[in-house]
Amino acid sequence: MVYHLLKPPMPCGIVSLQSFGSQKRHAGHSRWSKIRHSKGASDIKKGQIFSTISKSIIAAVREGGSDPKVNMRLAATLKQAKQVDMPRDNIERAISRATSKEYSGAEQVIYEGLGPHGTALIVECLTDNKNRTVKRLRSVLNKFGGSLAPIGYMFEKKGRICFGRED
């Protein structure tokens with residue numbers, strides 16, 4: 001029998017820390033660093049969604065006023081904002097920005113083009129920089145086999161339909 005190769009038994013009252021599955025941590029690999037990176041990525045996505053909805057709110061308020069009971073486009077945009085849990089402060093800030101005379105940076109523009117397989121498209125955009133928007137739209141259309149082209153003669157605006165809510 002070989003006794004000198006075996007570990008001596010632990011004395012009473014002393015417990016090995018490794019027996020409870022403690023982790024050995026390496027520098028820069030803490031749990032918080034993993035949370036921080038994933039939270040930062042989700043915050044960026046939320047910010048992009050919130051800014052898109054804010055622009056939609058601004059366009060809706062300019063088009064039909066700041067009362068969601070009268071302005072159906074605003075009501076739909078506010079419903080979308082509530083679905084993505086947009087803070088009430090951001091919504092109110094967007095409405096006040098649209099009603100103020102100082103903010104005139106964003107404007108609504110309409111582009112016409114042909115999509116994949118010759119599909120006629122009319123794209124309504126809200127932008128603060130027309131050149132950037134047309135460049136981005138042209139690149140997206142080219143990517144999928146389309147182009148900007150005058151096709152407005154194919155369409156005819158008939159009117160606007162609004163439905164009231166029944167109680």
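With a threshold of 30 Å on the Cα-Cα distance, the over-threshold entries among LYS130/LYS158; LYS46/LYS135; LYS101/LYS143 are LYS101/LYS143. The packing ranking of peptides 30-38, 42-50, highest mean first, is 42-50, 30-38, where packing means the average number of other beta carbon atoms within 10 angstrom of each residue. The calculated FRET efficiency for the pair ALA41 and GLN83, based on their C-beta separation and a Förster distance of 25 Å, comes to about 0.75. Label-to-label distance for ARG97 and ARG31 is 3.8 nm, based on points extended 7 Å past Cα in the beta-carbon direction. Taking region 48-67 and a reference point 7 angstrom along Cα→Cβ of VAL123, the backbone N atoms nearer than 19 Å belong to 49, 52-53, 55-56, 59. Per residue, the accessible area of region 43-129 comes to 64 Å² when a 1.4 Å probe rolls over the protein heavy atoms. Fraction of C-alpha pairs exceeding 15 angstrom in region 63-149: 69 percent, rounded to a whole number.
Ranked by the mean number of other Cβ atoms within 10 Å per residue, highest first, peptides 123-135, 63-75 order as 63-75, 123-135.
The values are calculated or read from the model by the stated rules, or taken from the named source; none is laboratory data. Just so we're clear, the structure is a prediction, and the values are computed from it rather than from any experiment. Every residue, glycine as well, gets a Cβ built from its backbone with ideal geometry; the counts of neighbours run over all protein chains shown. Ligands, DNA and RNA are excluded from the accessible area calculation, which covers all protein heavy atoms including side chains. Shrake-Rupley method; radii C 1.70, N 1.55, O 1.52, S 1.80 Å.
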